[in-house]
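What follows is a short report on a single structure.
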Amino acid sequence: MKSRSLHRLGVACGLAAGAWMGAAEAPTKLVSAGFSPFLISLGMVAGVFLGRWTLPMILKGTAYLVLDIRRTPHLIVWAILAGVLWAVANTLTVFAIKNVGLSVAFPLWNTNSIIGLLWGWLLFGELRGAGRAQWAKVMGGALAIVVGAGLLAYASTQAAADTHLAAVGVIAALGAGLLWGTMYIPYRKAYLSGMNPLSFVTIFTFGELATVLLLALVFDGGFDRLSAELNRARPALFWLLLGGFCWVLGDLFQQYAAKYIGISRGIPLSNTNQLWGLAWGVLVFGESSGTGAFVHLMTIGGSVLMVAGAAAVSFAEAPEAEHAARKRAMERESRRYGLDLGRLEASIEGEDPLEQASHRRGLWDWLVAVAAAGVFIWAGIAARPQPVPVNPAWIVILALATLGALAGGGILLWRRTRFS
């Protein structure tokens, strides 16, 4: 019953992750307003940095995070590496959206579920010992994802006026999927080692911020050019910061999904963000206007097929034999790094080995929260409407639905694990 409870929790976290990660990509449409993809990625990662620092501190406190990180120092390098992979992938998504649109790019980079499934099976014992029914769901779902991605790639080349640019967009989206799929290796490694997802993402952010800043400086004309671009983008900066903050909420839910049901199931489930991406792209930004019925059919059909595949993979609940394979992977991590196996097993079951320690919020925690809020207020004062056509009614509807996913997933996570 406990494993079934955790599976349901992981499913809920994956769905909430899809909602928030889908909403987070909406500000990248500003690339159509003439801003550099590197600048947009840097603005979003700045919001990510603020979110990854403030939310873990508010939920657990700095003292808790420091104690957890000191217990598994070998994961610092892995978390930074994951941040680097995320940063490069996020930059590629901006190029993809610029060339093929949000509603088409989303499902293409969601091929990361195939990569994550492969790594989960190869390195962490996921699907080892699974029965025929589970394998049928997983492999059938994987095939559906690949076919759906192919339909969308074909649709994008038909819809674009410039076939070369469409091909660049497709390659960028698939490249992002490859990097994001590989990024989940450090995720799973961290949780088999007993690290709290909140601690992991705090370290993660240093790798992503440093990488995006380096990309912007190298490919966007150096420091002076970047400073001038940031000044020009000041009226749009708030929306980029907000997008990054939304991504943090989605990624935190995704982290918990990966922890409790594995990357081969949790990641495809969080890839329901493609439905949200399709909704934002079509309903809010009107991306489908002016295209023919054939392109509509390919885009919708490809998206539905990919979502069906992701659902099949995600709802293949792990049997006891697969849990035994996961335990062997955990024992390997325990031996390699000298960790307490009992702690690791308690952590993966939703318990918090550090729960009994006293970790009250200190002055530093509140200063960080106030500073982050100050940055958003500063950017919000200068915010102006951007030359990107939108449908305000659909913005309100989608925003309310996304907040509902946050409330539902957050309450379940708190009641079951206290964010452990």
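If you run the Gaussian network model on the chain, springs between alpha carbon atoms under 10 Å, then out of ALA401, ALA379, ALA173 the most flexible one is ALA401. Sequence-distant contacts, meaning Cα pairs under 8 Å at least 6 residues apart, place the relative contact order of the chain at 36 percent.
As a proxy for reagent exposure, MET330, MET183 were ordered by neighbouring Cβ count within 10 angstrom, fewest first; the result is MET330, MET183. Taking R0 as 35 Å, what's the FRET efficiency between GLU320 and ILE397 from their Cβ-Cβ distance, rounded to 0.05? It comes to 0.25. In terms of surrounding Cβ atoms within a 10 Å radius of their Cβ, PHE124, PHE219, PHE200, PHE376 rank from fewest to most as PHE219, PHE376, PHE124, PHE200.
By how many nm would the segment from ILE171 to VAL370 grow when fully extended, if each residue of separation counts as 0.36 nm and the alpha-carbon distance is taken off? Please list the in-between numbers first.
Values: separation 199, 0.36 × 199 = 71.64 nm, distance 4.07 nm.
Using 0.36 nm per residue and subtracting the Cα-Cα distance, I get 67.6 nm.
For region 53-144, with only Lys/Arg (+1) and Asp/Glu (-1) charged at the beta-carbon, what is the dipole magnitude about the Cα centre, in debye rounded to 20? Don't jump to the answer; show the numbers that get you there.
On the way: 7 positive and 2 negative charges, 29 e Å.
Dipole size: approximately 140 debye.
About the Cα centre of the chain, what is the dipole size in debye to 20, counting +1 per Lys and Arg Cβ and -1 per Asp and Glu Cβ, all else neutral? Walk me through the intermediate numbers first.
Working: 32 positive and 22 negative charges, 154 e Å.
For the chain, the charge dipole is close to 740 debye.
Taking the number of Cβ atoms within 10 Å of each Cβ as an exposure proxy, the fewest-first ranking of ASP68, ASP365, ASP340 is ASP340, ASP365, ASP68.
Using DSSP to define loop residues, name the trypsin sites (Lys or Arg not before Pro) in region 321-416 whose beta-carbon has at most 14 other beta-carbon atoms within 10 Å.
Details: sites: ARG326, LYS327, ARG328, ARG332, ARG335, ARG336, ARG343, ARG360, ARG361, ARG415, ARG416; in loops: ARG360, ARG361.
Passing sites in region 321-416 are ARG360.
I'd like the projected area of region 186-316, averaged over all directions, using the convex hull of its alpha carbons. Report it in nm² with one decimal. For the Cα atoms of region 186-316, the hull's average projected area reads 10.8 nm². With a threshold of 27 Å on the Cα-Cα distance, the over-threshold entries among LYS137/LYS259; LYS98/LYS259; LYS98/LYS189; LYS98/LYS137; LYS60/LYS98 are LYS98/LYS259; LYS98/LYS189; LYS98/LYS137; LYS60/LYS98.
For the chain, what does -39500 (n - 2.57) per DSSP helix run (n ≥ 4), summed and divided by total residues, give at 222 nm, in deg cm²/dmol to the nearest 500?
Numbers: 18 runs with 332 residues, N = 420.
-27000 deg cm²/dmol, from helical runs alone.
Comparing ILE76, ILE395, ILE300 in a Gaussian network model of the chain, where Cα atoms under 10 Å apart are tied by springs, the biggest mean-square fluctuation is seen for ILE395. All Cα-Cα separations within the chain were binned at 20 Å from zero, giving a P(r) of 28, 59, 13, 0, each value a whole percent of the pairs.
Projecting the Cα atoms of LEU341, LEU59, TYR256 onto the dipole axis of the chain, where Lys and Arg carry +1 and Asp and Glu carry -1 at the beta carbon, places LEU341 farthest toward the positive end.
Projecting the Cα atoms of PHE419, TYR187, GLY277 onto the charge dipole of the chain, computed from C-beta unit charges around the Cα centre, puts PHE419 farthest toward the positive end. Considering the chain as a Gaussian network with a 10 Å cut-off on Cα pairs, which listed residue, ILE397, ILE69, ILE261, attains the greatest mean-square fluctuation? Answer for the Gaussian network model of the chain: ILE397. Converting phi to 3J(HN,Hα) with the Karplus coefficients 6.51, -1.76 and 1.60 and the offset θ = phi - 60°, region 89-99 yields 4, 4, 5, 5, 5, 5, 4, 5, 5, 4, 9 Hz in sequence order, with x at every glycine or proline.
None of the figures in this text is laboratory data; all of them are computed from the coordinates on show. What you see is a predicted model; the values in this text were computed from it and never measured. So basically every Cβ, Gly included, is an ideal-geometry build from the backbone, and we count neighbours across all protein chains shown.
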